[in-house]
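Peer 1: Below you'll find the structure I mean.
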Amino acid sequence: MWYEQFQNIFTGLSIIAAAIVAGSIAKHLIFKALNLYNRPDNPILFKSLTRNLSGPFSLFLPLLFVTIVLPVLPYEQNIIEGMRRLTEILNIVAFAWILIKLTDVARDMVRHKYNIENKPDNIRERRLITQLQFLRKVTVVTILFIATSLILLSFDPVRRLGTGLLTSAGVAGVVVGFAAQTSIANLLAGLQIAFTQPIRMDDVLVVEGEFGRVEEITLTYVVLRIWDNRRLILPLNYFIQKPFQNWTRTGSDILATVYLYTDYTVPIEPLRKEFDRVLASTELWDRQVSVLQVTDSKERTLELRALMSAQSSGIAWDLRCYVREKLIDFIQRNYPNALPKTRSEFVGDKLPPLPELS
C-alpha cells in the first residue's frame, strides 16, 4: 500500500516537473525567436519585449503547462482541487505581472519616439511623457487592485463576506474619505496636473526660493532636483494651491540679464560694442536678443542692464556668467576710472582738521 502511494507521489511530481521544464523550454524558444527576429525599422519594440516580459513568462508558461497536466495527476480529487486553486492564484499573479510589464513596454516605445534628451525645445515630448507617466501609475495600481480582488474572491469565505461588506460600503466609504482626504486631494491634483499640465517632466521651476528641474511626478508628490543635486519633495496639491514660477511653460528659450553698476563717467557706446562682440564670440547666445541699456541712475552709480537670449535656462546661466566676466574685464582694462567710486569735495585752501582721538 505504501509502495503504491509512494509511486503515485513520485509519478505526480515527475509529471509536474516535466511540465515545468516544458514550459521553461517553450519560454526560452519564444524569446530566442524574438531576439532573432529583430526588425530593422523598429528594433526597440522587441528589445523592450524581451527585457520586460522575460521574468513574467518564466512564471506564466510553466504554470500554464502545469495547469494542463493537472487532470492526469494520480492524486485524489481534493488534492488536485487544492493544486488547481494554487495554480489559479499564481496564474492571476503572473498575468498581472505581464500586464504591468506591458505598461513598461509602452513607456519605452513612447520615450524612444518622443525623446526629451536631444531637443532643446521639447515641450510636446515632455507634455506627453508627463501624461504617460501618471496614467501608467494609475494603471499599475488598478491592475494590482483587480488582481488582489480576484485572488481574495477565489476563496469561499471571502466571497461570502463580500456580500456583507457591500452593505456597509457606503458608510465605510464616507469614513475612509474623511480619513484619507489629503491623499485623495493629491490623487485628484495628480489627475489635474496630468491633463492641464501646469508642470511637466523636466520643467524648470522656482519653488520656495529654490531653482530646479522636475525629476519625478508620482501619484502623491513631485520630486524637484535642485541645481546643487538636492531634492525638494512637494505634494501634488501644492502646485494647484500655491503660486510658483515655471520657466519652461511655453518654451525652453529664456532671456538672461546681467546688471552692472558703474560710475557716471563710463562711456556707453564702447561698452555696447564690446557687449555685441562678446555675444558674437560665444555659442551660448542663440542670436535672437542683444540689448545693453542704462536702466537706472542712482545717487552714486549708473545701472546698466545687458539683456540676451539663450535656448534654455542652463545655457542662460552660463551665458550670464560669461558676459558679466567679459564686461567687467573690459571696464577694468580700458576704463578703470569708470568703476564705482565715492566722491568727496573740499572747499578752501586747507583740509578740514582731523578729529582728535579721545
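The values are calculated or read from the model by the stated rules, or taken from the named source; none is laboratory data. Values in this document were obtained by computation on a predicted structure and should not be read as measured data. Ideal geometry is used to build each Cβ from the backbone, glycine not excepted, and the neighbour counts take in all protein chains shown. Side chains included, ligands, DNA and RNA excluded: accessible areas come from the protein's heavy atoms. Shrake-Rupley method; radii C 1.70, N 1.55, O 1.52, S 1.80 Å.
Peer 1: Of everything in the stretch 264-301 that's modelled with pLDDT under 90 and among the basic types (K, R), which residue is least open to solvent (accessible area, probe 1.4 Å)?
Peer 2: Among residues in the stretch 264-301 that are modelled with pLDDT under 90 and among the basic types (K, R), the one least open to solvent (accessible area, probe 1.4 Å) is K298.
Peer 1: For the stretch 200-221: of the residues being β-branched (V, I, T) and modelled with pLDDT under 85, which is surrounded by the fewest Cβ atoms within 10 Å (Cβ to Cβ)? Before the answer, list the steps.
Peer 2: Let us first name the residues in the stretch 200-221 that are β-branched (V, I, T), namely 204, 206-207, 214, 217-218, 220.
Those still in the list that are modelled with pLDDT under 85 too: 217-218, 220.
Values: I217: 23, T218: 14, T220: 16.
The extreme case among them is T218.
Peer 1: For the stretch 212-229, what are the residues that are in a loop (DSSP other than H, G, I, E, B) and within 24 Å of W317 (Cβ to Cβ)? Let's see the steps before the verdict.
Peer 2: Taking the stretch 212-229 as the starting set, the residues that turn out to be in a loop (DSSP other than H, G, I, E, B) are 218-220, 227-229.
Selection gives W227, D228, N229.
Peer 1: Run L232 past the list (1) assigned to a strand (DSSP E or B); (2) out of contact with any Gly (no Cβ under 7 Å at 6 or more places or on another chain) and report the number of the one that doesn't hold.
Peer 2: (2)
Peer 1: Okay, next question. Looking at the stretch 65-88, can you tell me whether even one residue there is under 24 Å from the mean Cα position of the chain (by Cα), modelled with pLDDT of 75 or more and not in a loop (DSSP other than H, G, I, E, B)?
Peer 2: Taking every residue of the stretch 65-88 in turn, none turns out to be under 24 Å from the mean Cα position of the chain (by Cα), modelled with pLDDT of 75 or more and not in a loop (DSSP other than H, G, I, E, B).
Peer 1: Considering only residues of the stretch 302-334 that are of a type outside the set (G, A, S) and at pLDDT below 90, which is surrounded by the fewest Cβ atoms within 10 Å (Cβ to Cβ)?
Peer 2: First pass over the stretch 302-334, keeping only residues of a type outside the set (G, A, S): 302-305, 307-308, 311, 315, 317-334.
Okay, now just the ones that are also at pLDDT below 90, so 311, 315, 317.
Values: Q311: 18, I315: 20, W317: 16.
The residue in question is W317.
Peer 1: Within the stretch 252-270, is there a residue that is closer than 30 Å to T218 by Cβ and without any contact (Cβ under 8 Å) to a residue 24 or more places away in the chain?
Peer 2: Within the stretch 252-270, the subset closer than 30 Å to T218 by Cβ is 252-254.
From the residues that got through so far, the ones that are without any contact (Cβ under 8 Å) to a residue 24 or more places away in the chain too are none.
Within the stretch 252-270 (the criterion being closer than 30 Å to T218 by Cβ and without any contact (Cβ under 8 Å) to a residue 24 or more places away in the chain), the answer is no, since none of the residues qualifies.
Peer 1: List every residue pair whose Cβ atoms lie under 7 Å apart, where the two residues are 6 or more positions apart in sequence or sit on different chains, the first residue falls within the stretch 49-66 and is within 14 Å of F31 (Cα to Cα), and the second residue, located anywhere, is assigned to a helix (DSSP H, G or I) and β-branched (V, I, T).
Peer 2: L49/V105; N52/V105; L53/I98; P56/I98; F60/I98
Peer 1: So which residues in the stretch 240-256 are assigned to a strand (DSSP E or B) and loosely packed, with under 14 Cβ neighbours inside 10 Å? Even if it seems obvious, please write down each step before you answer.
Peer 2: Going residue by residue through the stretch 240-256, those that are assigned to a strand (DSSP E or B) are 245-246, 254-256.
Correct list: Q245, L255.
Peer 1: Can I ask one more? Could you list all residues from the stretch 223-235 that are touching a residue at least 24 places away in the same chain (Cβ under 8 Å) and either over 26 Å from R136 (Cα atoms) or touching a Leu at 6+ places or on another chain (Cβ under 8 Å) (or both)?
Peer 2: Here is the first cut: in the stretch 223-235, the ones touching a residue at least 24 places away in the same chain (Cβ under 8 Å) are 232, 234-235.
Within the stretch 223-235, L232, L234 qualify.
Peer 1: Can I ask one more? Would you pick out the residues in the stretch 308-335 that are over 19 Å from Q293 (Cα atoms) and of a type in the set (D, E, K, R)?
Peer 2: D318, R333
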